[in-house]
Amino acid sequence: MAALAGLFLFASCGGGGGEEDAGSATETAQEAIYEEGAIRMEIEMLDTGLLKGHSYVDAAEGWSVEGVNVTAVIDDGTEWGVIEIREQGEADSVTFFEVQVQELPRGQQVTVTTTAFFRDAGGLSAERTAVDKWPP
């Protein structure tokens, strides 16, 4: 019975479910589109002690990406450590992230947030976010 419960838990921790889920059982993706640009975040896998993924930010015409920050917070407000590594890619900004997984109380989720900072040619700035929860 314990083996079946473990298998169910593993299967339920991945994917956003639904028809739009074209990824593997351990991948979820969230995308937010704003006037200033688009933010896509993919949680790709759970490794021993780490939740891994990528954040992709593309600026709209007339805007640029000034910075990106990834945070992880559980339901009670406790922040988890996040390691961010900038990478090259097809997006204006690509960030690989690892969330240092700690003990997650039963029934709670960790909210992973990618915050993008945009600036236009006139100096106007905007802060926009994409959010995903794990386990889904």
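The values are calculated or read from the model by the stated rules, or taken from the named source; none is laboratory data. Worth saying up front: this structure is predicted, and the values here are computed from it rather than measured. Virtual Cβ from ideal backbone geometry, glycine too; neighbours counted across all protein chains shown.
Picking from residues in the range 76-88 that are modelled with pLDDT of 90 or more, assigned to a loop (DSSP other than H, G, I, E, B) and of a type outside the set (V, I, T), the one that is surrounded by the most Cβ atoms within 10 Å (Cβ to Cβ) is G81.
Considered as a group, the residues in the range 48-75 that are within 12 Å of V101 (Cβ to Cβ) and free of Cβ contacts under 8 Å to residues at least 40 places away in the same chain include one that is surrounded by the fewest Cβ atoms within 10 Å (Cβ to Cβ), and that residue is T48.
Does E44 fit the bill of being modelled with pLDDT under 90 and of a type outside the set (A, V, I, L, M)? Steps first, please.
Working: modelled with pLDDT under 90: yes; of a type outside the set (A, V, I, L, M): yes.
In short, yes.
Residue under question is I39, and the condition is that it be out of contact with any Pro (no Cβ under 9 Å at 6 or more places or on another chain), surrounded by fewer than 11 Cβ atoms within 10 Å (Cβ to Cβ) and either in a strand (DSSP E or B) or at pLDDT 90 or above (or both); does it hold? Criteria not met by I39.
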